[in-house]
């Protein structure tokens, strides 16, 4: 069955015909700076107002900027809350609803600010040496808790004599003896740990509450009397080796004492106390060292110690949750068949799906994921996904849904955004169903023949969905049909489907991708001689794998790929995780296994012109991976090119100019080999 997903809301509301909208120009690369999207919606306790972050891309600064806006739920009226032109994030209402805390970089670096809702005044209340995260009000409204990186002095083991006061000596060598010493997007890490702090709500000197050489998570849940709170941390003696492990703790503020609440091998996190104080809800799982393991929702009776797994029968990863006001149910968010959903999960009884189409915050590629909040009466504010625009603000109230923002209606009027068509394909491997989508180029005519781009998601344990994706839309605007799909290994279809590639990635996911390409060609409007392939991260790996196993594609672009699992595991920032969870042993123990699933082992088969693209500051799939494949193709005389993105980490799209450059280089390469 085929489903054409078309957003015509703006045309209907405006009285503008769809033919008029379709007559507009295709998307242009500079339209990246016209995009806006909603994130972090926070509904007031009475459900009358929603505060949210309104995100845009600043052309002069070449970065995303967030500002604080408010929507009246009854009238839909929008207004800005903070006039300062600074990146703002993490809004959170005070318990009495009279104040709003948020993080702003107005002073030059992130600090905690407060807005008083009665008079509209706002001001900075912190002067912190590092960025705060995980803001949380105490129930009495007197305190703000947050987490912050706290440096630890690391003395050099060597002292060199003879250094004069005025000198031009080289910078001192850096001595490293920790397991986790660098991270993608952050570079080489300073010595120190993340600790939880407490500060008076009016401002003042923060008090460090946690101690020790451990990182403490920023998700905090207060006890109703404001005398203690719950959090998660990995406080194991070999914490770095136990990459996924964490437990829940209770911290009593008066004496800073810790009480361990959970104890199992697995990542217990995101604690939330029920309003009546009887239940502690949290996310986690029993760690079996599988490549994909889904967070489940648990509740612990704090009097009896009984633990209940509420979502064991759901077979979906729970992304987040909120308690209802009566302490007898929780609102849960999860992805199901590539679509975000919010359901009401009782402590006893059947869950009920309330909201669908939750997501839209990825904006560059069509990944799933979004956020929501709940009022005391059960009104839900959430990020609403569509194929035609990034996340807007949605509201579920009294069993009805409505959209509160139209931040991208000007772009939708000015540009012909590609329609998205959903279809399912049967895998030739085992008859499993593969959910897939096509983005059609502007003025699409099914009687014509079009070139096809297969765009493959990363992860590999993630999912694409019917979500606006600027990079893919820009490719479609160049006259290509763009195909994307969720092969085996993808999430939102259950644990078994995701782990079909456990310890064997890539493998039969390649067959799934070829089956989806075959089904697309069979539709009749694709030129079978004009097939192209690209993907990023895990999708870049699969692109490199594909060109080593078939010559059917005219050209390929592998973006931040893994080329050699042996070198990747020993170079990536998360090497302690990858080596334990993605492979049956260490590289030196299982070299044949590592090489069997590495594209470098099949580079001798490659004939397809292949471009490689990676950020020079990528610590997840380091650029040395790209360089291996590029140099091997050069030695073999295969047409190839390498695009290095200065300063870019694994998330190339984070700088909007790079979000423009990526599809521009991809289509440049494909256009060279297109008839």
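Out of 487, 528, which single residue is farther than 21 Å from residue 566 by Cα and in contact with a strand residue (DSSP E or B) (Cβ under 7 Å, 6 or more places away or on another chain)? So that I can check it myself, show each step before the final result.
Details: 528 fails: in contact with a strand residue (DSSP E or B) (Cβ under 7 Å, 6 or more places away or on another chain).
Of the residues listed, the single one that is farther than 21 Å from residue 566 by Cα and in contact with a strand residue (DSSP E or B) (Cβ under 7 Å, 6 or more places away or on another chain) is 487.
Report whether or not residue 424 is surrounded by fewer than 22 Cβ atoms within 10 Å (Cβ to Cβ) and in a strand (DSSP E or B). Step through it out loud before you land on a result.
On the way: surrounded by fewer than 22 Cβ atoms within 10 Å (Cβ to Cβ): yes; in a strand (DSSP E or B): yes.
So residue 424 fits the description; yes.
So how many residues does the stretch 109-165 have that are on the phi > 0 side of the Ramachandran plot and surrounded by 17 or more Cβ atoms within 10 Å (Cβ to Cβ)?
Initial filter on the stretch 109-165 (on the phi > 0 side of the Ramachandran plot): 120, 134, 141, 162.
Now narrow it down to the ones that are surrounded by 17 or more Cβ atoms within 10 Å (Cβ to Cβ): 134.
The qualifying residues number 1.
When you look at residue 320, is it within 22 Å of residue 376 (Cβ to Cβ), surrounded by fewer than 21 Cβ atoms within 10 Å (Cβ to Cβ) and within 18 Å of the chain's Cα centre (by Cα), yes or no? Give the steps one after another, and end with the answer.
Numbers: within 22 Å of residue 376 (Cβ to Cβ): yes; surrounded by fewer than 21 Cβ atoms within 10 Å (Cβ to Cβ): yes; within 18 Å of the chain's Cα centre (by Cα): yes.
So residue 320 passes the test.
Quickly run through the stretch 464-486 and pick out the residues that are part of a loop (DSSP other than H, G, I, E, B) and either surrounded by fewer than 24 Cβ atoms within 10 Å (Cβ to Cβ) or more than 19 Å from the chain's Cα centre (by Cα) (or both). It would help to see each step written out before you state the result.
At the first step, the residues of the stretch 464-486 found to be part of a loop (DSSP other than H, G, I, E, B) are 465-469, 477-480, 486.
Selection gives 466, 477, 478, 479, 480.
For (1) more than 18 Å from residue 459 (Cβ to Cβ); (2) surrounded by fewer than 23 Cβ atoms within 10 Å (Cβ to Cβ), each residue gets a yes or a no:
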{"site": "494", "(1), (2)": "no, yes"}
{"site": "517", "(1), (2)": "yes, no"}
{"site": "533", "(1), (2)": "no, no"}
{"site": "539", "(1), (2)": "no, no"}
{"site": "550", "(1), (2)": "yes, yes"}
{"site": "576", "(1), (2)": "yes, yes"}
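Taking residue 428 as the residue in question, decide whether it is touching a strand residue (DSSP E or B) at 6+ places or on another chain (Cβ under 6 Å) and either within 16 Å of residue 338 (Cβ to Cβ) or in contact (Cβ under 8 Å) with a residue 12 or more places away in the chain (or both). Spell out how you get there, then give the answer.
Numbers: touching a strand residue (DSSP E or B) at 6+ places or on another chain (Cβ under 6 Å): no; either within 16 Å of residue 338 (Cβ to Cβ) or in contact (Cβ under 8 Å) with a residue 12 or more places away in the chain (or both): yes.
So residue 428 fails the test.
If a residue has to be in a loop (DSSP other than H, G, I, E, B) and surrounded by fewer than 22 Cβ atoms within 10 Å (Cβ to Cβ) to count, how many in the stretch 295-315 make the cut? Walk me through how you get there before you give the answer.
Taking the stretch 295-315 as the starting set, the residues that turn out to be in a loop (DSSP other than H, G, I, E, B) are 295, 302-306, 310-315.
Remaining after also requiring surrounded by fewer than 22 Cβ atoms within 10 Å (Cβ to Cβ): 302-306, 310, 312-315.
Adding up the residues that qualify gives 10.
What pairs come out if I take residues in the stretch 256-275 that are touching a residue at least 24 places away in the same chain (Cβ under 8 Å) and pair them with residues that are exposed (fewer than 13 other Cβ atoms within 10 Å of the Cβ) and part of a strand (DSSP E or B) whose C-beta lies under 7 Å away, six or more apart or interchain?
Filtered contacts from the stretch 256-275: no entries.
So residue 430 passes all but one of these: (1) crowded, with 23+ Cβ neighbours inside 10 Å; (2) in a loop (DSSP other than H, G, I, E, B); (3) in contact with a helix residue (DSSP H, G or I) (Cβ under 9 Å, 6 or more places away or on another chain). Which condition number does it fail?
(1)
Looking at the stretch 636-655, which of its residues are in contact with a helix residue (DSSP H, G or I) (Cβ under 9 Å, 6 or more places away or on another chain) and either under 22 Å from residue 670 (Cα atoms) or part of a strand (DSSP E or B) (or both)?
Hits for the stretch 636-655 are 636, 638, 639, 640, 641, 642, 643, 644, 645, 652, 653.
Computed from the coordinates by the stated procedures, all read-outs in this text should not be read as laboratory data. As the structure is a prediction and not an experimental result, all values here were calculated from the model. No Cβ is skipped: glycine too gets one built from the backbone with ideal geometry, and neighbour counts run over all protein chains shown.
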